[in-house]
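The values are calculated or read from the model by the stated rules, or taken from the named source; none is laboratory data. Fair warning: this is a prediction, and the values are worked out from it, not measured in the lab. Here the Cβ positions follow ideal geometry from the backbone for every residue, glycine too, while neighbour counts run over all protein chains shown. Accessible surface is based on the protein model in full, side chains and every heavy atom, while ligands, DNA and RNA are left aside. Shrake-Rupley method; radii C 1.70, N 1.55, O 1.52, S 1.80 Å.
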Amino acid sequence: AAAGQERGAAARRMEGVSLKRGGEEGVSSASEEEESEAARREGLPPRPGPGVPGPGPSESAAWREMRGGGGRGAAEEESSSESEDSAQRVTTIEMLARRLQEMREAGQLPAHLMPEAEERREPLVVGFDERGVAEYLLRVCENRDVVVLGGAGMSTSAGIPDFRSPGTGLYDNLQKYDLPRPQAIFEIDYFKERPAAFYELARELWPGSYAPTPTHAFIRLLHDKGRLLRCFTQNIDSLEAAAGLPSERYVAAHGNFDAATCVETGEKVPIEEVRAAILDPPDGWRRLRDKHGGLVKPDIVFFGEGLPPRFFDLARADLAACKLLLVIGTSLSVQPFASLINHVPDDCVRVLVNRDPVGVRDRRIPEPIAAQLGLTGGFDFDDPARNYRDVALLGNCDDVVASLADALGWRDDLATLVAHQAAAHPRSQQHQNTPLDRQPSTVTIVPDRADLADDLRDDPAPMDDSFHEDALPGRRPPAAFHDHSPDLSPP
């Protein structure tokens, strides 16, 4: 009885937190990053978010609220209680998980909550490795049924650092900007007060300095083979476009440098004008501000801003039609992006391509209770008895996709794309595998991305690449910028 009361109270508290935060899914904060880090340390999945309509009533309500209103106002109103809510949630779930584990070990759990009572299903793949994934893709995904969720790990080999790796991550190398905290450089309020820091960073990160990676080439290859439905990327580097992926085939969940807006007036500003101003320090951005009546920034999502409507519109339809979900180079710690893996059909195979396992379901919490708390949908890699569709291909993203292409019989196609990509970005190669603090302060511009995209589409060789992932602010915690894989997207 006591355990039941504890679970009920935890569920009510959790539902209250979920409903309370429903309107601010487009906002990230330092406290959310702390929550994600704490959750990973405890082996918990990231906090669920209403990014895509799900089975739970609170999640659906949050989705509707968020989808309709953007989220910035709600975030500002509730920011004072954010830290308390996040800490309470992690503590509550961990306490519940430990108590349930104790009850299981003591034989006190009801029979219907024991692991043996959970449904067992036949595997959807012939093997939980590259060959199993390849066989499934070729047999089942014949009509653009593949969806990619990408993060910072896709762009690491291009020389773009992730956000959180100790010593080499972006956040560890921003001391020169004298920030109150690393994430401040991607906070909209801080930008309005001290914009120079962001403009200096934007000058270093502006697309054109980096070439697409073999991972991007593989995504382009999926498109060329008629298998890719959509690539949702958390990165802002526009490497998908540089790789020749048509704009309709990818969604920049956290925005990118393809457009720009005046923060004060809301008017669009030609991106080439913004580029010229940012690449003309130290007063270029000031002249741009004076000309347009306010600060101008590229349309990347900062903490405190909502995600693009296109992200939500396409996520609902695409995930419902997905037969193979490839999760590449992301920590799955930033919402609502992290919750997308939970919204594919039950017969959809889910594959994680990453350096470390992330997004794993907490086996201590029985499925019925997890469903009440909105914690369903995590990967089942570590539960062979229950797993029927989740595949973990761990390692460097470029190495894993090369192995997968080999299993698909696409080795030569991928090699051709990678070679074509390297030839199209000869001046970008100097930045590959170069730490951010050692890169030149001026950006080398490569041919216009639109022209390059057309050129790549005309060429039979596919290529692809992407910027940084979890770092974009519209998402929840910056941890998603990059999970364990590097990620250079803004907060």
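Can you give me the number of residues within the range 262-291 that are assigned to a helix (DSSP H, G or I) and over 23 Å from residue 204 (Cβ atoms)? Give the derivation first.
Just the residues of the range 262-291 that are assigned to a helix (DSSP H, G or I), to begin with: 271-278, 284-291.
Restricting the remaining residues to those that are over 23 Å from residue 204 (Cβ atoms) gives 290-291.
Final tally of qualifying residues: 2.
Go through (1) open to solvent by less than 40 Å² (accessible area, probe 1.4 Å); (2) modelled with pLDDT of 90 or more; (3) touching a Phe, Trp or Tyr at 6+ places or on another chain (Cβ under 8 Å) for residue 196 and report which single condition fails.
Looking at each condition in turn, residue 196 falls short on (1).
Does the range 409-417 contain at least one residue that is under 19 Å from residue 350 (Cβ atoms) and surrounded by fewer than 17 Cβ atoms within 10 Å (Cβ to Cβ)? Before the answer, list the steps.
Going through the range 409-417, the residues under 19 Å from residue 350 (Cβ atoms) turn out to be none.
The answer is no; no qualifying residue exists.
Quick grid of which residues meet (1) modelled with pLDDT of 95 or more; (2) not β-branched (Val, Ile, Thr):
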| position | (1), (2) |
| --- | --- |
| 312 | no, yes |
| 322 | yes, yes |
| 327 | yes, no |
| 333 | no, yes |
| 346 | no, yes |
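What is the one condition in (1) at positive phi; (2) assigned to a helix (DSSP H, G or I); (3) not aromatic (Phe, Trp, Tyr) that residue 315 does not satisfy?
Result: residue 315 fails condition (1) only.
Scan 253, 241 and give me the residue that is among the hydrophobic types (A, V, I, L, M, F, W, C) and open to solvent by 10 Å² or more (accessible area, probe 1.4 Å). If you could, list the steps in order and put the result at the bottom.
Numbers: 253 fails: open to solvent by 10 Å² or more (accessible area, probe 1.4 Å).
Among 253, 241, only 241 is among the hydrophobic types (A, V, I, L, M, F, W, C) and open to solvent by 10 Å² or more (accessible area, probe 1.4 Å).
Report, ordered by the first and then the second residue, all pairs with beta carbons closer than 8 Å, sequence separation of six or more or different chains, a first member in the range 137-155 that is in contact (Cβ under 8 Å) with a residue 40 or more places away in the chain, and a second member that is crowded, with 24+ Cβ neighbours inside 10 Å and of a type in the set (Lys, Arg).
Within 8 Å, no pair qualifies.
Mind listing whichever residues of the range 213-237 are of a type in the set (Gly, Ala, Ser) and surrounded by fewer than 24 Cβ atoms within 10 Å (Cβ to Cβ)? Give the derivation first.
Start the filter on the range 213-237 by keeping residues that are of a type in the set (Gly, Ala, Ser), which leaves 217, 226.
226, the sole residue that qualifies.
Counting only residues that are open to solvent by 20 Å² or more (accessible area, probe 1.4 Å) and either touching a residue at least 40 places away in the same chain (Cβ under 8 Å) or touching a strand residue (DSSP E or B) at 6+ places or on another chain (Cβ under 9 Å) (or both), how many does the range 318-337 have? Working first, answer last.
In the first step, residues of the range 318-337 are kept if they are open to solvent by 20 Å² or more (accessible area, probe 1.4 Å); the result is 320-321, 323.
Cutting the leftovers down to either touching a residue at least 40 places away in the same chain (Cβ under 8 Å) or touching a strand residue (DSSP E or B) at 6+ places or on another chain (Cβ under 9 Å) (or both) gives us 321, 323.
Summing the residues that are open to solvent by 20 Å² or more (accessible area, probe 1.4 Å) and either touching a residue at least 40 places away in the same chain (Cβ under 8 Å) or touching a strand residue (DSSP E or B) at 6+ places or on another chain (Cβ under 9 Å) (or both) in the range 318-337 gives 2.
List the number of the failed condition for residue 299; all other conditions in (1) of a type outside the set (Lys, Arg); (2) in a strand (DSSP E or B); (3) free of Cβ contacts under 8 Å to residues at least 12 places away in the same chain hold.
(3)
So, in the range 345-385, exactly how many residues are over 22 Å from the mean Cα position of the chain (by Cα) and part of a loop (DSSP other than H, G, I, E, B)?
At the first step, the residues of the range 345-385 found to be over 22 Å from the mean Cα position of the chain (by Cα) are 347, 363-373, 382-385.
From what is left, the residues that are part of a loop (DSSP other than H, G, I, E, B) are 347, 363-366, 382-385.
Number satisfying all stated conditions: 9.
Go through (1) over 24 Å from the mean Cα position of the chain (by Cα); (2) open to solvent by 20 Å² or more (accessible area, probe 1.4 Å) one by one and return the number of the condition residue 294 breaks.
It fails just one condition, (2).
What are the residues in the range 256-283 that are buried (at least 18 other Cβ atoms within 10 Å of the Cβ) and of a type in the set (Gly, Ala, Ser), if any?
260, 277
Across the range 126-149, what is the total count of residues that are closer than 22 Å to residue 317 by Cα, in a loop (DSSP other than H, G, I, E, B) and either open to solvent by 10 Å² or more (accessible area, probe 1.4 Å) or among the hydroxyl-bearing types (Ser, Thr, Tyr) (or both)?
4
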